[in-house]
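Take a look at the structure below.
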């Protein structure tokens with residue numbers, strides 16, 4: 001055994017000696033592959049993009065002297081030769097990129113780019129490509145639209161004169177293109193275009209292009225069209241709304257007047273405004289900002305009028321000549337004979353009245369054919385002297401034939417919600433409304449002072465939410481039938497006597513259903529509420 005081990009060890013020693021000798025003799029006889037003497041590629045690359053440029057941050061490589069960056073809208077990978085794509089842009093071929101970060105420019109806005117980097121040094125092979133960690137990045141949308149003015153059925157757009165642009169698209173709320181306008185040379189040079197054929201009160205987006213590249217984008221809403229009339233007066237801040245204005249229009253033989261009030265304006269008159277017989281008037285607030293505010297002692301509509309309308313107006317307390325806030329008892333406290341086809345409030349905010357916005361009183365014949373509150377906020381009086389709609393004229397001498405509340409919110413009603421003393425009328429319709437802190441102790445939702453009187457077409461309630469009452473109140477005292485569809489009452493809507501059927505109980509109080517009713521935020525917060533997207537004023541629907 002020892003002999004065998006000796007022979008084996010001797011053989012190994014001889015083999016090692018021969019290998020060592022050979023190694024020493026042939027140390028410089030083989031060549032090395034220079035391709036292995038290359039720089040490392042950058043292991044981490046990130047981009048912070050703006051609209052037309054981007055800051056590239058990368059890990060710097062030991063022994064690298066400069067870097068080359070390539071971006072392209074086409075995919076970049078090892079098999080793609082440098083600079084070979086139609087959209088390739090190369091940076092640093094002049095050896096200018098020597099440190100991180102580096103800003104690349106000349107990009108198109110709102111565009112997706114792929115990016116890669118190589119490192120270089122004299123006497124060494126260039127690195128392999130290093131790729132952006134997220135593979136690609138996207139530039140932000142450029143914004144060169146510097147002016148826009150929407151009107152009811154058009155928009156005017158502006159940009160720096162002579163900019164490289166070629167067309168404008170108008171998108172609807174779904175992103176569908178509803179208008180595409182190729183720009184003329186004159187429009188491009190001027191930096192202005194008017195796009196027509198839009199729809200009032202509609203949300204749009206205007207996009208300015210260079211080819212397929214977005215150079216500007218702006219969202220806008222077309223305002224309501226200024227209502228037509230024999231005379232349309234555009235008032236300025238500081239102008240006066242007074243009786244002379246109405247008298248001059250009527251004296252000239254005109255039957256209708258629209259007063260267009262600018263955004264954020266305020267108009268006060270400590271006197272009663274008398275609308276001349278035969279003149280119909282629209283108080284119209286231009287959209288685009290804070291609603292114009294109107295505060296007057298009251299408005300007298302003696303005589304005949306096709307309509308008196310308020311659109312996009314805040315109705316509030318008045319001011320005296322020294323600017324002190326004065327009490328506004330009523331907006332209409334009509335005692336003189338009148339016949340008004342329509343008294344309407346649309347997209348209005350009515351608050352700060354001591355008594356009520358609409359009252360008919362006295363023994364003269366007074367008729368309003370249609371009273372409408374739509375898309376409006378009404379904060380009634382907290383006192384219980386008068387009802388939100390109050391008819392207490394001598395029996396049969398004052399009448400509001402049809403009353404409609406639609407897509408509106410009412411907080412406090414004063415005494416009753418609707419009071420029509422011993423007077424028949426035609427209809428009371430409540431649809432898609434939210435109510436809170438309504439009638440007080442013993443007061444009614446509808447009170448005709450007797451069950452002998454009421455609306456001949458009944459009371460119709462649809463998609464409404466009745467929140468708290470100010471105290472334990474009553475239902476409906478009239479001869480009317482009551483039709484209720486998809487309406488709810490919170491646990492603190494308390495009625496006793498003169499009840500009507502059809503309201504669905506919500507187990508909690510209004511604080512469980514609404515976000516902050518104490519501060520008049522009635523956004524629905526209960527995800528389990530069946531009417532969260534179908535009941536009440538739509539402005540408060542749960543998202």
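A short reminder: the numbers here are calculations on the coordinates, not readings from a lab. Everything numeric in this text was worked out from a predicted model, so none of it was measured. Cβ atoms come from the backbone with ideal geometry, glycine included; neighbour counts cover every protein chain shown.
When you restrict to C-alpha pairs under 8 Å that are six or more residues apart and normalise by the size of region 147-221, the relative contact order lands at 35 percent. For residue 146 and residue 337, the difference between the fully extended length at 0.36 nm per residue and the C-alpha to C-alpha distance is 63.4 nm. Which part of region 239-273 falls in the paramagnetic zone of residue 324, meaning amide N under 17 Å from the point 7 Å along Cα-to-beta-carbon? Only 269-271 pass the distance filter. With a cut-off of 12 Å on the backbone N, the residues of region 95-109 near the modelled label site 7 Å out from residue 65 along Cα-Cβ are 95-96. Spacing of the modelled spin labels on residue 232 and residue 516, each 7 Å from Cα toward Cβ, amounts to 3.9 nm. The percentage of C-alpha pairs in region 37-138 whose separation is greater than 20 Å is 31%. Tell me, what is the FRET efficiency for residue 395 and residue 251 to the nearest 0.05, using R0 = 51 angstrom and their Cβ-Cβ distance as r? Between residue 395 and residue 251 the formula returns 0.85. With both labels modelled 7 Å from their Cα along Cα-to-Cβ, the residue 78 to residue 200 distance reads 6.6 nm.
Here the scattering of region 218-270 is modelled by Debye summation over its C-alpha atoms, one equal scatterer each and no solvent; at q = 0.14, 0.18, 0.24 Å⁻¹ the log10 of I(q)/I(0) is -0.46, -0.70, -1.04.
Between residue 136 and residue 48, full extension at 0.36 nm per residue minus the direct alpha carbon distance yields a gain of 30.5 nm. Residues of region 312-349 falling in the label zone of residue 426, defined by backbone nitrogen less than 17 Å from a point 7 Å along Cα to beta-carbon, are 339-345.
Computed over the Cα atoms of the chain, pair by distinct pair, the Kirkwood hydrodynamic radius stands at 29.8 angstrom.
Its residue count N sets the reference 2.2 N^0.38 Å, and the alpha-carbon radius of gyration of region 165-286 equals 1.50 times that reference. Computed from the Cβ-Cβ distance with R0 of 35 Å, the FRET efficiency linking residue 382 to residue 306 stands at 0.50. With Kirkwood's inverse mean 1/r over C-alpha pairs for Rh, give me the Rg to Rh ratio of region 231-540, two decimals please. Ratio value, two decimals: 0.97. Can you give the FRET efficiency to the nearest 0.05 for residue 221 and residue 180, using r as the Cβ-Cβ distance and R₀ = 25 Å? Once rounded, the FRET efficiency stands at 0.80.
Here the translational diffusion coefficient of region 147-221 follows from Stokes-Einstein with Rh set to the Kirkwood radius across Cα pairs; for 10 °C and 1.306 mPa s it amounts to 130 µm²/s. The C-alpha atoms of the chain define a longest principal axis, and helix 2-25 lies at about 80 degrees to it.
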